Each structure stands twice: as C-alpha cells, then as structure tokens.
Amino acid sequence: MPCERKPMRYGHSEGHTEVCFDDSGKFIVTCGNDGDVRIWEGLDDDDPKFITVGEKAYSLALKNGKLVTASSNNTVQIHTFPDGDPDGILTRFTTNATHVVFNSSGSRVAAGSSDFMVKVVEVSDSSQQKTLRGHEAPVLSVTFDPKDDFLASASCDGSVVVWNIEEQSQLISWPVLQKTNDISNAKSLCRLAWQPGTAKFLAVPVETKVHLYERGSWDHVSTLSDDLQTQLINVVAWSPCGQFLAAGSVGGSLTVWDVNSKLCVERQKHEKGFTVCSLAWHPSGSQIVYTDTEGCLGLLDGLSTSTSNTNTTKAPAKKAAKDYDDLFDDDDDDRLMDEGLSETNSPVKKPITGDDDDDDDDFLMPATGRVRNRGAILDDENSLDTGSLKLGQDKFGDDDDTGSVVVPAAAPLVPMRPVYEGPMPTAPQKAFQPGSTPAHLTHRFMMWNSVGIVRGYNDEQDNAIDVEFHDTAVHHAMHLTNSLGHTMADLSQEAVLLACPSTDELASKLQCLHFSSWDTNKEWMVDLPEGEDVRALCLGQGWAAVATSALMLRLFSIGGIQREIFSLPGNVVCMVGHGEQLLIVYHRAPGFDGEQALGVQLLQFGRKKRQLINGEPLPLSLQSHLSWLGFTAEGTPCYVDSVGVVRMLNRSLGNTWTPVCNTRETCKSKSDHYWVVGIHENPQQLRCIPCKGSRYPPTLPRPAVAILPFKLPLCQTSTEKGQMEEQFWRSVLFHNHFSFLSSSGYEIDEDGQSQTQKEQQELLMKMFALSCKLEREFRCVELAELMTQNVVTLAIRYASRSRRMALAQRLSEIALEKANQIQEEEPEEQEEEPEYSGVRRTSGYGQSEVTGERRSNRRDREEEEEQAEELREEEEDGQEMETEEAAETTKRVNPFAKEAVSSVTPSLTPIGKVGRANPFKVLGSGKPSSSSGLPRVTNILDNMTSSRKSSPLSRSAGIPSKGPVLKPLAPRPKTKTQSTLLQMNGTKAASKKTPENTQPAADQQKQPEVPPPASPADNTENNRPKTGFQFWLEENRKSITADQPDLEETDIIKEAMGRFRTLSAEERLSWTERAKGQTGDAADLKKRKRAGGGAENDNGQVEADENSSKKKKSLDPSSKLSAFAFNKN
C-alpha cells in the first residue's frame, strides 16, 4: 500500500487537536485548543472557514450536516454544517466533555466526560438522554456499535466497558489500561473504534498493540502488532470498508494493518515525532488525515484500500478526481470537489508521479461496493463505460493482461454512458471588498485602507460598525448602529459608503455618510431596484460607484446625485477608486482547471472621461485567485493574488502588469500570509499585516502593520549586474507615476523626480563601468541608449580613459543622435507649453523616457562628474583629483551652472516672443531648443569643469578666486542662440558666427587638465584690467546685433554670455590673455600643465587653438574623439 505523506501544516494553537472528514469527503474539519472549529477544503486551503465554539474545543463529530463539539464551557453544542450556525446545546456536564461521537445513522450522539459519566442523546430531541454511570475516573473515549445496540467506553480507571444502551447497564469490562487520575496524565487517549459495516470487531489500543474483541462473545480474538511499533498507541480508526485499521502513537508513528491477514501494510512517521492525537479516513478510503498535540494537520495520500486487482477501473476515476480537485487552491489538495459523487464511487488520487513504478499497487481505485458492502450501484453522473475504462488503461501505461479480463467483469456495475474527460470548469470567485475580512465572521474588518479602518461587529450584544481614521485630523472616530445589516464598506477622505444585501422584505440599500459636507445634512441613502443587489462598491474623489448583481455599474456624486450608469461585461469580483480613477475586475469567462478568467477595466473621470484599459485579461498566477485590488498612494493600479504575487500597472509599457513582489518569499511557514493594506511608490513600501496560520488578521488584538520591500523577479539577482538591473528597472517602473500625474494636471514633487532620475543615471553609469571591465562593449552601447545626453558624455570620457576608442566613437554617435532627437522634439514642446502653463506648474515632464530624465542633469551634473571620476579613480593622478575636489567646493557659486537658473525656480515662465524660455525646461522640458546651438552635453562638461576652470581663469585675470568669473553672468534664460557642441556637430554650423563659439569636443573634454592657479600676486590685484569677455564682446557685438537687431543692451550681454560660455577653455584663455597682454606666459603655463597630464601637444597646437576661434571648423565625430584620448598614439 504505497502512500505519500504530505507536509504538516499549522491548524490550531498548541494543544490537543481533533480531526474528521465530512460525509462527502470534501472538507477536513478540525478543532483545537484555540476554541475554533476550522473547515478546510483540503490540506492546502490557506483560508479555512472557522466557527468559534468556546475558549477550547476538546472533541468534535460530524454527520448529516450536524457538527457536534465538546467545549470548555462543559457543554456539548450542535452547529449546522458547513454554515456554522448555532443549533442549540445537546447536553451539559459538571466538568468538560472529553469525547463525542455520532452513531452510524447520525440520530444519536454519545459523549464522555471528566465527571465519570457517559451520556447518549437523541439529536432530534435533546431531552431524550440516557446516562451511563459506572466509571470511577474521567472517561477517555466512547464509540457506538454500528448496529446501535451497544456502546464502548474507556476510562482513566484502567477499564474498557461495553454498555447496553437501552438498559443503561454494563455488559463487560476489561481492565486492560493503565490507571491515572486525569486525562492530562493519561499515557494514552485509548480512542476505541468499532468495525464499520459488519460490526464484528471492537478495536482497543493496549500499550503498543491493538486488541480485537469479537462482538457478542466479547472474546479477545486477535492482536495486531508490529515489531517496529515500540510506542504506546494513542488512537485507532477503521477504514470505511472495514478491512484496514490505522493506528497513531504517542511517538508520532502511523501504522495501517490489514485485519484479515493481520499484516502491517503501511508505516509512516510524523515528520517531527509529535504525538498523533486524532485520525480519520476519507470516505473513499484513499486518505488518512491526522493531527498532533502541537495543533498541526497532516495527510497520508494514495492509500489503496482494496486488494482486488481492478487496475483498469482506477485510471479514469482518478482522472475525474483531478478534474474536480482544487478549484481554489494553489496545489492539489487531494480532495473531491464534486458533490454529486456518492460515497460508493468517490474517486481516489494516485501518488505523486515521481514515485510511480508502474506497479499495480501504484494505481489507486475507488473502493467498490463489492468490498465495502455499502451498495454496489454507481452514480450515473460519473459512471465509466468500458470504452473509457480501456482508454484509461492505455493512457496510464498499464500493460497488465489482467485488464482485459477485469473489464467485462466490472461492466455489469457500470451503465454504458460516455464520460467527459476534458478540463473541468473552476468555481467562479465570489465578489469581495479589497481590505475586508470574510463576511461570516462576527468581528471583522469591513475595510482597511490608507484612510482608516471600518470594523463590523455582529454578535449577541451588538450589531454595529466602528470607523477609525489613521489621521484624526480628517475626522474623529465614529460608532454607527448597523440596523440595516450592512456587509460592505468603503472609506475615503470625504465619506463612508455602506451597503447591505436585499432581504425578502427590503431592497438592497446604499448608505453614504458624507462627513466632509459643509451643510448639516451629511447622510443620504438609495434603494436599488428590486432584484438588484450591491456586489461591490468604492469611493473616489467626489464620486461613489456601485456594481450590482444585474451586471450594472452605477455612479453617484458624493452628495447623492445619480450620475452615469453602464453595463459590465461580467459578474464583478471587486473594484476600487482613487482620485479620478476607477478600477473594476470582473469575470470575463469561466476558468478551467483551477484558473480564474478575470477581466479589468480602468476608467478616468477627469475633465475628459475616458477608458484607459478596456476589458483586458487580468494576469494571475497559476491556480490562484484575486485577493486584493487597489491603487498605490500615487495612483497606480496594483493587485495581489492568492499566491502572494503583487503586480503593478506599467503605464510606460502599454498598460502591462509587472510583478513587483512575492510576499510568500518572506513567509516562514506555508500557512502564513501577508494581508495587504496599502502600497507606496515613493518611498517604495508594501504595507501589510502578517497573519500566522491564516489568510487574514483578527480584529483583536489590533494587528501591527509590517513593511515589505519590492523586488522585480529578474534573473540572477544575486550577482552585482543582476542587482543593478533590478534596481534600475524597479526605479523606472516606480516613477512612471510622475509622468501620469503630470499629464493628468496634478502637481508633482520635482525634487523627488530629480533625485530618482539621478539615481537611475548613476545605476546606468555603474552598469556601464561594470560592462567595460568585463569587456562587453556592445552591452556598453546598449546601456548608453538608456542614458541621458549628459551621462553619455561621461560614458564617452570613461571609455576614452579606459583606452576603448572604438567604444567612445560609437558613443559619440549616440550622443549626436540624442542631440538631433532633442532638436526635433523641441518645436512641438514650445508650442504645447503655453497650453499647460496656465493650468499647472509641472508641465513638460515625462514626454519621453530619455528627455524626461534630462531635467535632473541641471541639478546634479557635478555629482555625476564626480561619480565618473570615482569610477576611474585608480587611473587618475593626484593632481587631477585635487582639481576634482576644488570643483566640488566651488560648484555652488558657479555662474555657468545651469543649476543656478533652473533648480531654484519653482514655476514656469511663459514663453515670450523674444526668445525667453521656460526656466524649468532645459529649453522645453529639459531639452535645448533647435536653435540653441549645442545641447546640454557640452554644458555638462562646462558645468563639471567650469567651476574648476573658473578659478584659474579668474586668477590669471586678476579676479579674486572666490568670486564668479564674469559678473554679468547672472542666472540667465536660455536664449535661442545658445550654441552647443554636439548639435553643432549635427547641423554643421548654419550661421556665420556660430563657428566662433564652437570648438572640437577635444577642447571641451580636456578641460579638467586646466592650468594651475596663477601666482597669489595676480589674485590680489585690485585694479582690474578689461576682462577677456569684455574684449570678446567688443569684437562680436556687431554679429549679435545683426542676428537679433531688436535686443536691448542687457539682452545683448546675456546673449554674449551664452556664446562666450560655449567657447573652449583655450579660446577663453586666449581672450583673457589678449586682454591682459600675457598670452605667451599663459601658453607656456598651459603647455606645462598639458604635458603633465600626458597629452603631447606643443605650442603650435595651442596657437592653432587660439586662431581657431576666428575660423569655422568642421566638426566630424573623429575630431570630437580626440577629446577623450590622452595620447594620440
């Protein structure tokens, strides 16, 4: 009898636990020390229904839809099953009852108690009681004779007694047990068991053996023992067919004997060796469920309870069982979901395929009437014809020739009807409110969300609703009487929305407490049309929505005006609202084989109402259902399935759903769960309540909220590369909300956006450096595609210093492309800008992934520069590093940094016709305009190096080192004639004067190797000669006024500043030197510095650089590249 031991799972708190199957075998029912009876739909059911019967539950019995329990209040109670409604008290004792059992017909209950008495009570009339007195110590166990004439009981006085029920007298007593004074001290529970059906034997566990006593003669006819059974036997149970006897011991061993042959056919051991205190067989005989004294529940699966060789009948039955199995759970839990199957032919599962050896015994079969003698007629619904029997034989590879013999033999039992063997439909998931616990609980959460908590109480004393706000500034706590029987609730900053189902007399009602209303009438109520029930409801900003059983969605204003109404494509599962967004999940079709087929709709009620997602399928994990639906605090839809996977809407990838967390990974036990209550994107937090051994928390004590981190399920996240990739893409996903909020007209946190974009670019740069080290140049180029233009410049520099010239060449092409892309997008944005500037202060964000990120670079170019330097730290010489630090200290006062303009200004400046630009945008959402000469690339280098350049320049010009280089260069609007390097590369310098402002990237890139500070004497000069800028302005003023004749004097200076800034270091130096008349000295100084930096340039080159300021230079990529090489060899 090969069988499989399933892993134990948490069932109840520590202590004595009992278990049984219901009559159909569909449910496992347990009771325990916590006073709960739990109804499991299988071992893997992580959300069992439970009935609280007292402080402690000592024993239970189940028959014909009646559940009888012995609890700590000295009573034997009865509840309906599976609803769990109380159905009265059967009997009372002076102390607690210890064991309860039904008779075979379910008409009577016997109970033994610690007050030494045994009572037999009629279920239909509890006043009909018989009391059996005679034990001299607490009663351990009781069992009915299947023919209902006798009752056997075991007691702590050491005796096992058989009673005549009608005469209430002892027939015989066997003093076979050890005496104790109380059950808690008893070595064994000595749970007796009478053989079902024939009622021939009474099984009595005596120490390590089981004695069988014959009914009638009451002789001890045989003993079942096993050499490996060395521990006291605690409980015994007969298989439904009466042929096998299972026993559980105090040391955790489980043994099954064949009573006819007296042979042990199965041995199993509790995985932790705890005492087995209860055993029960599945009605089909294929499973044994058991519990231990620690409150855990276990299962033996795949027991073959027949010795007859009918393999061919097994396979199809097994197939049917699999189809019906496990409609709502993650794994097969080996139970039957079809209530139409009778006990006589309930299919049985086979063991795990990995253990299959093609042995006949591996194939399980339904125990037929021939063996069980419980009626041999099979249910028509699931009968098997000979064709399908034969088919099953071939399918499962049964080569046994006996099959052909058996089929005709079995044929008379089976009506000749075809049977469907395809996938079976899944029971559709019922509608629920996200953030609520099941409605059958007396104390439950009706809603837990980011605003507050709504609790419902429905017990003997009170039927009420408590509303509590996380922030009491929103509203004080409320206590509402629930006279209408509301079962659904939602809570927002404006109102509480409640709904109740319809009854025979009353319609389904919707009630709203609009506590934020400024008038005195804060409550309104609506009756739904007859026959229409509320199934789901939610609140948004200024509106409420209700989905009904008539497949309708009704919208109301928060004040009670009926608004739009539309039909839903299927039965609603749940829905949530956030601001102007409404998210609805519904059944789009029946699911099969444990899957749910759900659809999702996302609507937005802004100035322009629109549907963002129209009936797309909602992805779920395999064989799971939806367990929570909601929005992040920032307004991104998310949901959690029963497997614990959290998914979030990725708006930047065509509204797809990305898994961002798996809560199961942080659960210690399989029965533990996290109950999600909220999600934040910034900071990244998953707020949830840990639930031990349950899917949802109790209302008391108040549960503590835990915070889980997010993690995208990327591959190889243990490696450095995988970690950085995961961080980058998670950052991109979790900051999509900036562009969505911006496009919806909301203000957004610009600092937060800048910070995240900076972090993303840092991660890209780190990945770039890692790929360089691994010599993955193609991968470097792929990473560069994701970078902003400024960071590509850093990458070019990094590649050059790593002596990867081919890579640097390719990167420069990418930089050029990005510059052109910005030019093309710019005019459109300039046109769009005025449209939004009046509406909000945050326009221009997120137009595209690349350009949206560019904003950040105004603010943190120096940091990026510093980071690039760090990446190459080992290759830098000491002098360069000193310059780096100098730059860091002076960068805040650097007038060249665009930071000075943009990062401080919080609001938009409307775009005028004179060329004034939005200071938020690096010309239009962070992008230089088409006429603005070079894009930000050179400017980042300006920025990164200008601070360290400005000091030396100013010193040689006699300006104190702490001050800015050029006083007129105040924060300036970016004008359309700004000239930038890479763009000039693309446009080949259309205007005549622009070439003067443009230099090869070589000069830009060599800026870090600037001349050392001039002598202190120069720095302290008080009378300042004309500066290089003024000298340059005099010569170039005509060209500026010719380009833009209508500029005023201040605008001319600003325009000139822009052009002068784009000159290379050498050019500016040459103008300064010409102004001072120190050209020769400075050139020598420069030559010495450049030689120290490793560049082999001579004076001629320097002079050429000076002269080039007056010449137009063609800027091809190769000339740019020379920028990044130290050596030309």
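The values are calculated or read from the model by the stated rules, or taken from the named source; none is laboratory data. Please read all numbers here as calculations on a predicted model, not as lab measurements. Cβ atoms come from the backbone with ideal geometry, glycine included; neighbour counts cover every protein chain shown. Accessible surface is based on the protein model in full, side chains and every heavy atom, while ligands, DNA and RNA are left aside. Shrake-Rupley method; radii C 1.70, N 1.55, O 1.52, S 1.80 Å.
Values for this structure:
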read-out: Residues within the stretch 666-684 that are surrounded by fewer than 17 Cβ atoms within 10 Å (Cβ to Cβ), within 26 Å of Thr756 (Cβ to Cβ) and either free of Cβ contacts under 8 Å to residues at least 24 places away in the same chain or in contact with a Lys or Arg (Cβ under 6 Å, 6 or more places away or on another chain) (or both), tallied; value: 1
read-out: Pair list, Cβ under 7 Å, 6 or more apart: the stretch 754-777 residue under 16 Å from Ser800 (Cα atoms), other residue part of a loop (DSSP other than H, G, I, E, B); value: Cys772/Ser802; Cys772/Arg804; Glu777/Arg804
read-out: Strands (runs of 3 or more DSSP E) contained entirely in the stretch 197-302, each with at least 3 residues that are under 22 Å from Val29 (Cβ atoms); value: 233-238, 244-249, 276-281, 287-292, 296-301
read-out: Search result, residues across the stretch 281-295 that are closer than 13 Å to Cys241 by Cβ and open to solvent by less than 10 Å² (accessible area, probe 1.4 Å); value: His282, Ser284, Gly285, Ser286
read-out: Sole residue being open to solvent by less than 10 Å² (accessible area, probe 1.4 Å) and at pLDDT below 90, chosen from Gly54, Gly42, Gly32; value: Gly42
read-out: Unique residue being charged (D, E, K, R) and touching a strand residue (DSSP E or B) at 6+ places or on another chain (Cβ under 7 Å) when the list is Glu530, Glu468; value: Glu468
read-out: Among residues of the stretch 514-538, those that are in contact (Cβ under 8 Å) with a residue 40 or more places away in the chain, closer than 21 Å to Phe469 by Cα and either outside any loop (DSSP other than H, G, I, E, B) or open to solvent by 90 Å² or more (accessible area, probe 1.4 Å) (or both), counted; value: 2
read-out: Any chance Asp44 is touching a residue at least 40 places away in the same chain (Cβ under 8 Å) and either in a strand (DSSP E or B) or over 20 Å from Cys277 (Cα atoms) (or both); value: yes
read-out: Residues located in the stretch 784-800, provided they are of a type outside the set (Ser, Thr, Tyr), open to solvent by less than 20 Å² (accessible area, probe 1.4 Å) and at pLDDT 90 or above; value: Ala784, Met787, Val791, Val792, Leu794, Ala795, Ile796, Arg797, Ala799
read-out: Condition broken by Asn103, with the remaining ones in (1) under 18 Å from Lys200 (Cα atoms); (2) in contact with a strand residue (DSSP E or B) (Cβ under 7 Å, 6 or more places away or on another chain); (3) open to solvent by 20 Å² or more (accessible area, probe 1.4 Å) satisfied; value: (3)
read-out: Flag for Glu14 being within 27 Å of Lys692 (Cβ to Cβ), touching a helix residue (DSSP H, G or I) at 6+ places or on another chain (Cβ under 8 Å) and touching a residue at least 40 places away in the same chain (Cβ under 8 Å); value: no
read-out: Boolean, Leu232 is open to solvent by less than 10 Å² (accessible area, probe 1.4 Å) and touching a residue at least 12 places away in the same chain (Cβ under 8 Å); value: no
read-out: Strands (runs of 3 or more DSSP E) wholly inside the stretch 577-643 that include at least 1 residues being touching a residue at least 12 places away in the same chain (Cβ under 8 Å), among the acidic types (Asp, Glu) and open to solvent by 40 Å² or more (accessible area, probe 1.4 Å); value: 609-617
read-out: Verdict on Gly25 being open to solvent by 10 Å² or more (accessible area, probe 1.4 Å) and either aromatic (Phe, Trp, Tyr) or in contact (Cβ under 8 Å) with a residue 12 or more places away in the chain (or both); value: no
read-out: Selection status of Arg730, buried (at least 18 other Cβ atoms within 10 Å of the Cβ) and in contact with a Pro (Cβ under 9 Å, 6 or more places away or on another chain); value: no
read-out: Residues of the stretch 639-664 that turn out to be under 18 Å from Leu598 (Cα atoms) and charged (D, E, K, R), as a count; value: 2
read-out: Index of the failed condition, Tyr457 passing every other in (1) more than 26 Å from the chain's Cα centre (by Cα); (2) closer than 15 Å to Thr699 by Cα; (3) not in a strand (DSSP E or B); value: (3)
read-out: Those residues of the stretch 425-444 which are surrounded by 18 or more Cβ atoms within 10 Å (Cβ to Cβ) and over 17 Å from Cys500 (Cβ atoms), in sequence order; value: Thr426, Pro428, Gln429, Pro434, Gly435, Thr437
read-out: Test result for Phe50, over 29 Å from Met117 (Cα atoms), touching a Phe, Trp or Tyr at 6+ places or on another chain (Cβ under 9 Å) and among the aromatic types (Phe, Trp, Tyr); value: no
read-out: Selection within the stretch 130-167 - polar (S, T, N, Q), open to solvent by 10 Å² or more (accessible area, probe 1.4 Å) and under 17 Å from Thr95 (Cβ atoms); value: Thr131
